[in-house]
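**Student:** Dropping the structure in here first, questions after.
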Amino acid sequence: MLRLYHLLLGLILLVLIPLGAKFVLPQFSAPKVVKSPAVAKLPNPNEGNIWQKILGNTAAPTNWQVAPCKGNAPLLCVSSKEELLGTVEINIYPLANNEDFQKKLVAVGIPPGSQVDYQSSKYQTQVLAALKAWVVEHYAAFAKDRQGEYGKEITFLTYPPQLVPVGKLQGIRYGFAGLKQKGGVQEQHIGHVAFDGNKLYVITTAFDPGSQTGKFDKLENLAIFQPYLYAIAADLRLP
């Protein structure tokens, strides 16, 4: 019975994943593991949780609450009847400390010190190209890590990057899932990435027993919250 439940969850996940997703662990030639640049979550600890500044309208299922978590950690808390169901994490990477993304911008024609021009379709296209390159490299890092950890026990499905609004910015939604060969979902990750000319914003949540923050303990709760997360990301006060 339990295996049947896991199989149904897997089938539901496959239906939800957009057409074009890869249904095998992606193969990359000599993938480069991405080293995270220095993250400036909060320059001043006294400023509190960054979600307090950027959170716009909060959509949520009936009897669910969404609010910045207490403390300084950059976490958005999702709860129901005073029970924490999961969190969404935001990391902010200043461009000045992010050589990897600087190189991606140069590769698409945006050299260091370039003027930000949100009204220019050419500029937006260039930024989106750099963000897509970031996502591809991100996938490669995860693929290499999971291959080493799980081998053939897990089948990975990558989400085709999607152009979506992240506040007033044009961003990319991305993600992947891992299905157990014997039935059940090992992990599912959902992310949004956007760039405002000075900072790279990475918003993530997951169903993943190995994650410490930015996660839901139950896959079904993540699945329920997923469309509301999309609405919240679109209404953030960014830039």
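The values are calculated or read from the model by the stated rules, or taken from the named source; none is laboratory data. Remember, predicted model here, so these are calculated numbers, not experimental data. Counting neighbours? That spans all protein chains shown, and the Cβs are built from the backbone with ideal geometry, glycine included. Remember, those area values only see protein heavy atoms, side chains included, never the ligands or the DNA or RNA. Shrake-Rupley method; radii C 1.70, N 1.55, O 1.52, S 1.80 Å.
**Student:** One residue is enough: does segment 181-188 have a residue meeting the conditions more than 21 Å from Gly148 (Cβ to Cβ) and basic (Lys, Arg)?
**Tutor:** no
**Student:** Which is under 12 Å from the mean Cα position of the chain (by Cα), under 29 Å from Asn57 (Cα atoms) and open to solvent by 30 Å² or more (accessible area, probe 1.4 Å), of Pro161, Pro165, Pro227? Reasoning before the result, please.
**Tutor:** Numbers: Pro165 fails: under 12 Å from the mean Cα position of the chain (by Cα); Pro227 fails: under 12 Å from the mean Cα position of the chain (by Cα).
The match here is Pro161.
**Student:** Still on this structure, I have one more. Are any residues in segment 172-181 open to solvent by less than 10 Å² (accessible area, probe 1.4 Å) and more than 13 Å from the chain's Cα centre (by Cα), and if so, which ones?
**Tutor:** Gly178, the sole residue that qualifies.
**Student:** Related question: Do you know which of the residues in segment 116-132 that are hydrophobic (A, V, I, L, M, F, W, C) and surrounded by fewer than 18 Cβ atoms within 10 Å (Cβ to Cβ) is farthest from Gly197 (Cα to Cα)?
**Tutor:** Taking segment 116-132 first, the residues hydrophobic (A, V, I, L, M, F, W, C) are 116, 127-131.
Now narrow it down to the ones that are surrounded by fewer than 18 Cβ atoms within 10 Å (Cβ to Cβ): 116, 129.
Numbers: Val116: 6, Ala129: 14 Å.
Among those residues, the one meeting the criterion is Ala129.
**Student:** Quick one: Lys103 ticks every box in (1) open to solvent by less than 30 Å² (accessible area, probe 1.4 Å); (2) over 18 Å from the mean Cα position of the chain (by Cα); (3) basic (Lys, Arg) bar one, so which box is it?
**Tutor:** (1)
**Student:** Before we move on, is Glu82 open to solvent by 40 Å² or more (accessible area, probe 1.4 Å), modelled with pLDDT of 95 or more and acidic (Asp, Glu)? If you could, list the steps in order and put the result at the bottom.
**Tutor:** Details: open to solvent by 40 Å² or more (accessible area, probe 1.4 Å): yes; modelled with pLDDT of 95 or more: no; acidic (Asp, Glu): yes.
No; evaluated as a whole, the condition is false for this residue.
**Student:** From the list Gly113, Gly184, exactly one residue is open to solvent by less than 80 Å² (accessible area, probe 1.4 Å) and among the small types (Gly, Ala, Ser). Which is it? Before the answer, list the steps.
**Tutor:** Values: Gly113 fails: open to solvent by less than 80 Å² (accessible area, probe 1.4 Å).
Among Gly113, Gly184, only Gly184 is open to solvent by less than 80 Å² (accessible area, probe 1.4 Å) and among the small types (Gly, Ala, Ser).
**Student:** Let me ask another. Only one of Thr205, Thr213 is open to solvent by 40 Å² or more (accessible area, probe 1.4 Å) and closer than 20 Å to Thr87 by Cβ; which?
**Tutor:** Values: Thr205 fails: open to solvent by 40 Å² or more (accessible area, probe 1.4 Å).
Just a single option satisfies the conditions, and that option is Thr213.
**Student:** State which residue pairs qualify: first residue farther than 21 Å from His138 by Cβ and inside segment 180-204, second residue of a type in the set (S, T, N, Q) in any location, beta carbons under 6 Å apart, and separation of 6 or more residues or different chains.
**Tutor:** Short answer, once both residue conditions are applied: Lys180/Gln186.
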